1. At 1.4 Å probe radius, can you tell me the per residue accessible area of the range B:73-119 in Å²?
2. Place a label point 7 angstrom from the Cα of A:Cys233 along the Cα-to-Cβ direction, then list the residues of the range A:396-419 whose backbone nitrogen is under 13 Å away.
3. Measuring from a point 7 Å out along Cα→Cβ, what nm distances, shortest first, does A:Thr405 have to its partners in the other copies?
4. Can you tell me the 0 to 90 degree angle between the C-alpha axis of helix A:449-460 and the longest principal axis of chain A, rounded to 10?
5. What angle do you read, to the nearest 10 degrees and between 0 and 90, between the alpha-carbon axis of helix A:50-69 and the longest principal axis of chain A?
6. Rounded to the nearest 10 Å², what accessible area does B:Met163 show when all protein chains are kept and the probe is 1.4 Å?
7. Ignoring ligands, DNA and RNA, what percent of the accessible area of the range B:258-385 is carbon or sulfur (1.4 Å)?
8. How far is helix B:173-194 tilted off the main Cα axis of chain B, in degrees rounded to 10, range 0 to 90?
2 protein chains.
Amino acid sequence: MANAPVQRMSQLMAKTLRDDPADAEVLSHKLLVRAGYVRRTAAGIWSWLPLGKKVLSNVERIVREEMDAIGAQEVSLPALLPREPYEATGRWEEYGAELFRLKDRKGGDYLLGPTHEEIFTLLVKDQCTSYKDLPVILYQIQTKFRDEARPRAGILRGREFLMKDSYSFDLEDEGLAHSYALHRQAYQRIFERLGLDYRICAATAGAMGGSKSEEFLAPAEAGEDTFADCPNCDFAANTEAVSYVLKPVDGSAVPAAEEIPTPDTPTIETLAASLGVPASATLKNLLVKVDGEIVAVGVPGDREVDMGKVEAHFAPATVEMVTETDFAGRADLVRGYVGPQGLEKVGYIADPRVAPGTAWITGANKEGLHAKNVVAGRDFEVDAYVDVVVVQDGDPCPKCGTGLTLDRAIEIGHIFQLGRKYADALKLDVLGQNGKPSRVTMGSYGIGVSRAVAALAEQTADEKGLCWSAEVAPADVHVVAAGKALQTELALEVSDKLAAAGLRVLVDDRAGVSPGVKFTDSELIGVPKILVAGRRAGEGVLELKDRRTGEREELTVDEAIARLSA
Amino acid sequence: MANAPVQRMSQLMAKTLRDDPADAEVLSHKLLVRAGYVRRTAAGIWSWLPLGKKVLSNVERIVREEMDAIGAQEVSLPALLPREPYEATGRWEEYGAELFRLKDRKGGDYLLGPTHEEIFTLLVKDQCTSYKDLPVILYQIQTKFRDEARPRAGILRGREFLMKDSYSFDLEDEGLAHSYALHRQAYQRIFERLGLDYRICAATAGAMGGSKSEEFLAPAEAGEDTFADCPNCDFAANTEAVSYVLKPVDGSAVPAAEEIPTPDTPTIETLAASLGVPASATLKNLLVKVDGEIVAVGVPGDREVDMGKVEAHFAPATVEMVTETDFAGRADLVRGYVGPQGLEKVGYIADPRVAPGTAWITGANKEGLHAKNVVAGRDFEVDAYVDVVVVQDGDPCPKCGTGLTLDRAIEIGHIFQLGRKYADALKLDVLGQNGKPSRVTMGSYGIGVSRAVAALAEQTADEKGLCWSAEVAPADVHVVAAGKALQTELALEVSDKLAAAGLRVLVDDRAGVSPGVKFTDSELIGVPKILVAGRRAGEGVLELKDRRTGEREELTVDEAIARLSA
């Protein structure tokens, strides 16, 4: 491959800005705009300028190399997709307003691909007919489209974005587990090469269906995900995937349940206050409708119900809140005074904190009355224990019991064992070794390529600006000519020599720009090494500065070339 | 960069087919599908399989290197674009049904970019404020969308396709001419490196507006463009851009014009037959409406009018054919008997073949009568001479007069001097050296990257299959293991060694596939060098075959590696 030409800043389209853009809320958005890496074209739709495109291409290259290394085969599927396969899997409807839909000139329905499970499934159905054709892992690095309700945070959550998506196809569950493990390792190598700080978190599968799933999260203030992190062991999980461990207690000494009058206590807070007990001593019972059937959900009075967890538990059934009209003709359901001990025609699920043997103050199923000493397993039965509460800072780690901390993070990767959901919907079989058709099992795996650039910007920036790792930086070295003719001459000479030695060089040869502005720009742009032709240029001496540490040393041209190409 | 891993065909997703796909009409479509390079996903929408993706990426790399070499800066703009800028230039409407339009969740109007003049103009308006910021050339390699009425010919004319588009921004016409020349040279280098046979043809600017424009055409049977080629000189042009040279003749000896009765001659053919003259002796006058005003267009009776040329002449005015109702109340326009000598209230343009001094038989502007000896410049005036006829094989070359030949070709590139059309519509000014705002002048330049793959397939294929040039081939060498264990062993050993030497290797290690099928597949797939571990594998001797010439030679492993990595 030919050496890249020296990029002169006098000709580069990268206008730096002194001030943060007015609409920018998060660090990466501010810095990537200010340093001239990206510009907004429409809400959630971005243009990558030359420096940004270089970083994006570097991330792309690293992802490609590591996907190739696990034997994944690169393909390129369309972004404009016909409705039918998405209709077959139900996702044409399920995606709701997030899917960009359009019609062609003949009135045919199309969509802009948000993710490509259906199309890959059909491709493999066309290409693979025998067990001998499997396993196969296919990937693409492609522009995806999602009509986000609130595109925000610059390129962290755009409506058009670059993604690596891959799909594995195996005959057996063990094969899927292997393909999943290959991806997990490749992702670790990718994020390490990118220089990202990340955690692998257990995740619920969400709208994708399937079984095992993990998220790669990059801790950052600007992140939209919250994850629970154990300071003691290696546990880390999406908060929806944190489960409290059921610990039954001995409730045999608890006196018999007893009704107590509790007028004017419409809320847990007023109830706890009037009885002089903590909210955690009360049992809150939330009524929901699961595919139209009423179900009660019990949690301690001081905890909030995480509807995402409730929905995940009942999926694929739909979960709705009950309304006024649902109480009509239901004498057994007294609004505000529901207690599990009187519910006969209603299913009951409870949080594991409502363990067998625990005693509670709860509704007495009569207007104006509560009951105390109501013991789980004695006075009422729980149909199923499911952790349905919103995780809080300090909740015990399910693995070691230490108090968890909650942190913000950016989701940079996601790996799923989909199983046979898509293969079933689209009838993907191959002939097995026994000569009979065998249904294929799938995995799906994504990395947000453009988002990874923003995550890197978030994690590596300092107060002066961006600060890239060597492999993703838009150049290896940023040569700055302080301003005088002889400094510019030296800067251009050393730039040519560095390029000849195979380095990617950005040189600030701008005339009429003060040295101070050039130094500030070089720190904002964030190339890891800055080489200044300044005060001692006349003697052929340059100053090499490390962008991150700020360390400086004076070097001759030859020394600088030797040092930088080492 | 790490060496690419050896690609084993036993694991490769590239199912070859013995038969042409039923819907395939052109060679590249048939072969790219049969050799497992591409698969159809929907009408005009294609998926690139692993081998196809490799070729596509190679073309992309060559384009990128040559664009970088002329100092063009790579960016990446969105495909999903807001309506407003296209509204401002009028293209939101002008594009008609070819534009994919859609709405977002808030009802905002968007389009899928067919080409990006507007967005680049706005980007430069944001980034460049002074004459010091120019000239600048920006490019991207990006997926484009056009809702073709009749997507056909496989990837030659798709509705989603990969394109390199670039845009130049200059202050003065000379600068634009220079940017245009840089592109012209870069395109020549690109198409030479790709190994394409091509001609550079003068073109009309078409819907893009602007002045100078040339097309890069790759001659091929499957092409949708027809171009005129001079067998004697270097003239080559889009047929719309061929102009007949006006040559006045001496008409002074022609007798006075005279009316002749011509009953029952509704067409040129019946008129010429009844008078016993060739159709070329008659003058045909076509009536059109230009922005609602009737204009007559005169051409020799044996020639067809090229409406594209008429439209290009009158653009941006719209041109329609006249209808029955347009004759109402126009006693001067006698349908079927129009002649230019009597037209007073109607503009008249004529083909240069109707040169001053030439004499014609034409309508007498009276029912049932024609006139003969009607001389141009004596009996009627021509408002403007414009070549408006459909070019025919044998028409004279405008440069040297030799008879032109008409050939089919694929348009692989197009370069335009746009001028200030978009800068005017979007008010793109920079401060000039004199401190005053100066309007910017633009060029726009495109290469069909995915189409170039099809054009290459068309031009280089032979009866056995695809036949790539070294730089674009999906591998440098295709190693074929004839089938026995010891042959496979040798094939894999030599493959590893070739990969270690930096070559891209495809190895056919499939078990249970006959040598005949493997050889046929290797010729269909078209890697330039085929190395067979066959009959003499036991002695460590391989056969190296040149895919194009069929030349074979026997080599030891070391000799083969030395030869191939030379």
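The values are calculated or read from the model by the stated rules, or taken from the named source; none is laboratory data. This is a predicted model, so every value here is computed, not measured. Glycine also receives a Cβ, built like all others from the backbone with ideal geometry; neighbour counts cover every protein chain displayed. Keep in mind that these areas ignore ligands, DNA and RNA; they rest on the heavy atoms of the full protein, side chains included. Shrake-Rupley method; radii C 1.70, N 1.55, O 1.52, S 1.80 Å.
1. Values: 1580 Å² over 47 residues.
Here the per-residue accessible area is 34 Å².
2. The answer is A:396-404, whose backbone nitrogens lie closer than 13 Å to the label point.
3. Distances between equivalent label points, in nm: 7.8.
4. Result, in degrees: 80.
5. Long axis of A:50-69 versus the principal axis of chain A: about 70 degrees.
6. Answer for B:Met163: close to 30 Å² accessible.
7. 53 percent
8. That helix lies at roughly 50 degrees to the long axis.
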